[in-house]
1. Condition first: of a type outside the set (A, V, I, L, M, F, W, C), more than 26 Å from SER166 (Cβ to Cβ) and modelled with pLDDT under 85. Now tell me which residues in the stretch 76-101 satisfy that.
2. Kindly evaluate ILE339 against the criterion of being of a type in the set (A, V, I, L, M, F, W, C), at pLDDT 90 or above, within 19 Å of LEU272 (Cα to Cα) and touching a helix residue (DSSP H, G or I) at 6+ places or on another chain (Cβ under 6 Å).
3. Give the residues of the stretch 1238-1263 that are touching a strand residue (DSSP E or B) at 6+ places or on another chain (Cβ under 9 Å) and among the charged types (D, E, K, R), sorted by residue number.
4. Is it the case that THR911 is at pLDDT below 85, of a type in the set (Val, Ile, Thr) and assigned by TED's automatic domain parsing to the domain that holds VAL1171?
5. What about VAL897, is it closer than 18 Å to ALA1165 by Cα, surrounded by fewer than 23 Cβ atoms within 10 Å (Cβ to Cβ) and at pLDDT below 95?
6. Of the residues GLN358, GLN401, which is within 23 Å of MET759 (Cα to Cα) and either in the same structural domain as GLY293 (by TED's automatic domain parsing) or out of contact with any strand residue (DSSP E or B) (no Cβ under 7 Å at 6 or more places or on another chain) (or both)?
7. Out of the stretch 965-1016, which residues are touching a His at 6+ places or on another chain (Cβ under 7 Å) and at pLDDT 90 or above?
8. Those residues that are over 42 Å from the mean Cα position of the chain (by Cα) and either assigned to a loop (DSSP other than H, G, I, E, B) or among the acidic types (Asp, Glu) (or both), I need them from the stretch 122-139; list them, please.
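The values are calculated or read from the model by the stated rules, or taken from the named source; none is laboratory data. Keep in mind the model is a prediction, meaning the values are calculated, not measured. Cβ: placed from backbone, ideal geometry, glycine included. Neighbour counts: every protein chain shown.
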Amino acid sequence: MISNTDIKTPNIDELARGGVRYSNAFTVQPICAPSRFAFLSGQYERTSGLGFNSPYEVSETQWAQTYPALLQQAGYHTGFIGKFGVQYYSFEGGTNAQFDYWRAHDGWLPFFPKDIEGNPATQIYQDAKSDITTEIMGEYITEFLATRPADKPFNLSVSFSAPHNSVVSSMYPEGAHDDCDNYACRVMGYPANANPRLSGHPIYDTLYRDPGIAISPDTGADPYQFIPQGVIDHEARQKWYAYNYEPSLQPEHLIRYYQTITGIDQVVGELLTQLEDLGIADNTIIVFSSDHGLLNGEYGTGGKGLLYDLVAKIPLIVYDPRNVQAGAARENTNLVLSIDVPATLLAYADVSVPANMQGKDLNGNAAPREEVFLESLTVAEGNPFIEALRSNEWKYVRYLQPQGCPYTEAHLDLAGQTPIFEQLFHLASDPEERNNLVDDAAHLAVLTDFRSRTDQRSAQLTQTSRQYKQDTNQPARAGITRRHFLAAAAAFTAALSSSALASSSGGQPVILDTDIGDDIDDTWALLMLLRMPNLDLKLAVGDFGNAIYRARLLAKLLEVTGRSDVPVGIGMDQADEPGQQSGWIGDYQLSDYPGLVHTDGVQAIIDAIKSSPEPVTLICLGPVPNIAEALRRDPSIASNAKIVGMYGSIYTGYLGSPEPAAEYNVRIDPQSLQSVFAAPWECTITPLDTCGLVVLDGDNYRRLYLSDDPWLQTLMENYRVWLPGAPFVDPNQDTTRISTTLFDTVAVYLAASEDLVDMQTLPLRVTDEGYTVIDPAKGRPVRCAVGWKDLEAYEQLLVESTVNFQRYSIATISVLVALLTGIASKTLAGEPSQPPNIIIFLTDDQGYADAGVYGSHDLDTPNIDQLAQEGIKFTSFYAQPLCGPSRAALLTGRYPVRIQEPGNTKSPNTTLAASEVTIAEILQQAGYRTALIGKWHLAGDGAPWDYTPPPLPPGRPGGKGPFDKSLMPNAQGFDYFFGTPMHNGYTQQVDPARFIVDLMRNQSIIETQTDVNQLTSRYTQEALQFIRSNAANPFFLLLSHNMPHVSLGVSSTFAGRSRRGLYGDVIMELDWSLGEILQELQTLNINKHTLVIFLSDNGPPLGQLTDRNGASAEPLRGGKYSNWEGGVRVPAIMRWTNTIPAQQEDHHIASVMDLLPTISTASGAPLPEDVEIDGYDLTPRLYGNPTTHSRTHFYYSLTTLQAVRKGRWKLVLPRQKKAPELSWLGRYTEDVADYQLYDLVSDISEQNDVARLHPQVVTDLLLEVDWATQNH
């Protein structure tokens, strides 16, 4: 599944295919014991103190903070099987007594563990049926699942011993032959299957032996060309991995290594089968990983303990069956760590994550890491200390002389130590880490930077570890869950209301002291502050250098926003040098400001505080020399003010790094903040732990970016001016889709409320190096926002308090809270408290560009356009290339290739077998009233569409009927049917006289050769009547218009009105029909309770219509019947007033097949059992959480796979025109001689084949093709 095509792991591959594979996952310590405890505790070895050479043993208090203990406390039935890794008997009772089920040992095991008589570690396995360690683990998995209580959730940790050296080296009895004079030969000198106990075994006998496995070309090479002899020649590596140095012995080792991994895979497969058999597969999350990697001859050596990627990088797969249905990404390339696993598991269980866990929830909102810090502290037998700092582009490794074995805390203070060896690799050009650039002068700046940052990370980790060991009972951070928002948002609303009423001036008095003009988040914070009704800005002062420039920027912003009543102050430094936002300031001068300007901003701060009748809140956004100087001039100001600011780093650093950082606002002037902290006023801060995680993207950001609010337009103008020269920010960042980190906004929020953050009062001390450290002896109490209760809720609140705020009074903010609360209940429970009505408005053959909101310049579609404004517009929404298959996929959530048809045949227009389960059926069973009004076309039709029938004699029925009643709508879940059983007629002509299809009500034909010109109007009236009759109950309406399929028909009301002939007239009438439905929902007051979905069934039949009357799929290539984008990419819009955020645009893959699982979630109707659903649940995306995954979509014509898309890439497969397997559809299929690859982001029109430029992309997509061939 990753890159090794030799090893057979089909079950692990299946987990990766259905789950999330993290391709940049690293262990924080690449050796067994500390790595395995890191998976349990979420801590580096330096913090936990648990490893091979540490004096520390797991304590009872320490164990209580591991994920198994916390899950058990939360009601989970817990079990542990296999290699525990550290001593489990180090406190009374031991960790073994803490599990509900225990079949484990603390050390290594041989391949045949029961052979070691008298060893306490293996006694627990003596009753197993198998003799092989991995198979024994499988037996106990079965036992655990069979004996667990059915009424409790469970957590089972399985820790295999294989493919550890102790396992592979003991498959053949050591020393069984006396012609070996060394350890390597004794354990690897003979094929393991010479052992009679392995004869005939399906894995351990002959697998991988013919034709054998290629070994690394480094095997037997001089290892000292990579690592100096004094660093690498230690006893353990020379003894236990000696066979890695021998080309003659390495093949046998690799065969055994591969065999034992395949043995693990077999147990994984058995587990998956058992979960299915027990009926719990859909509710069981599986995490697969390894404690570390292994060198097998690479770099001329073997073993572990080093920090090469081959050792430190680990497989990590998270398989969540709920996200298989919801379309989780199959690969995640972010930098992640083994210590992230415990936090992720606890978050899945909604259990609070302890503050001393140093990892983060992989599914959380934290920004991706830019780099990871790794360590190797196994110092026995000559190993050095090793530390590494790795980004996606660079990796720095340093080797340090160990100070003691076992090491102590003092030994870990590595500051100032000179490395005995260093490595610097440019991973972007040297992913195999072979070209050490340490001595390359061209990269001295990079080396210097990485040395410095590695020093900082190491020092901070040591400091954090010491604090943890002093107090292993640090309070847990509250679980990050939306439920916290319900009370917090209401409390925030109450705070706004009460504060506004309490202050005669409209809110608590605030002074802003800011270094605005460097980073853009100060500008965001100012705008937020001006729109907080319970905060009354009395003065704004520029701080920390270039003070006139900052004052000019403040003045112009305040004037533009209509707040020139706020005085502006100039800080201590009277400079006016150009800054990042000078381009926006232009020639604006302080003399232009209509308000008051204080040339001595420090004195203005003093005067404002002393003259205020109530305490002042000083919001400080940047270094604070102004405030320090104000205190020096008049210390008494501390008695009538408090500080709220953005400072420091407590438990985590930038971008959620597990190590605290010297945060800029502190580091640049620590002495001033020391003075501020020394004053006797209340200090509250948002450190990087909280403010460093705030980034707006998706709908949240687009609402700000697209707003017509002049304040926000001013903000975005500043953003665009600021970005090109901004430090640490990609100048090519798309300003239309994502913000930078909005650190300073959190400080403004804290001045008004603290309900969405976890607050701790901590004894903080500011060091001269710019760190904010916890120091019980010398620190002063500071109130710190150390974590988010709900970051998503804060970001939503940030948007709601900023976008067009003048529309909202204090009283209406509670309405916004209620709206968000409603989303939370749906998101958490999966079942709305009141099931929504559901309307699917389906048009027939409408082109991608045939609506104003999709780019049409000559079609008037005000109702379609308005629907998009009020909901979410999809730009990569896929149907099938033909009517029948598309409707079948819509109703069943399945690719038509796997849909059952009568007689076990496949027809071009799918005939839906009675056994297939439809949306209507699941909703009908959930109590919905259901109706299909319009075209059915799933009961067969017979002749091809271009068949010309003879003239109709008088009285002859128009349609082909009679149709099998078991295939008609009333038998497929629809209580009511009014419409046509098939399409408009076998014709290429626009002429409505060719319309020959029956009109039916339920099972009865009520008209033959009905008037096609009246059909859209009649369907609309029927739909309105159905809605009125069922307004008091949940209903499902599929309004499936025949138009604009030829033959075209339009009523006299719309005939001749459009600028695009008859086709345009038809589109206008369809838009009118939609408007009538929406108006009726409004009239009946049920629009807020109705999910409306608009879409077309496929692309337009471009060849059938004249240019004057033609449809358009521009800029897409092709049309109906084809699998070019124009044939299958369709307009699609969803609206659910007050539930789906408005004005969204979704550019990720979606499909008609997604409607069934999405409607299932929205309505609470259960999905059909024992049915393979291909669609994905879109509800997270509807609620404003855009997907981050790269979903795969397959393009079929009949049973022939013609293309595959993943992310931006579409691979078109070779095909032959008029291929017999395509039936009559073959005539509309172009010849494609070879694979063609298109980048649909830059080439949506599919004009530039780039297959030769991206061979690896082609290879990757062919793997998807292979998967579809085997599974569809």
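1. Those that are of a type outside the set (A, V, I, L, M, F, W, C), more than 26 Å from SER166 (Cβ to Cβ) and modelled with pLDDT under 85: GLU92, GLY93.
2. no
3. Listed by number, the residues that qualify are ASP1239, GLU1246, ASP1249, ARG1252, ASP1260.
4. yes
5. No, not satisfied.
6. Result: GLN358 is the single residue among GLN358, GLN401 that is within 23 Å of MET759 (Cα to Cα) and either in the same structural domain as GLY293 (by TED's automatic domain parsing) or out of contact with any strand residue (DSSP E or B) (no Cβ under 7 Å at 6 or more places or on another chain) (or both).
7. Listed by number, the list holds a single entry, THR1016.
8. If the condition is that a residue be over 42 Å from the mean Cα position of the chain (by Cα) and either assigned to a loop (DSSP other than H, G, I, E, B) or among the acidic types (Asp, Glu) (or both), then GLN126, ASP127, LYS129, ASP131 are the ones that fit.
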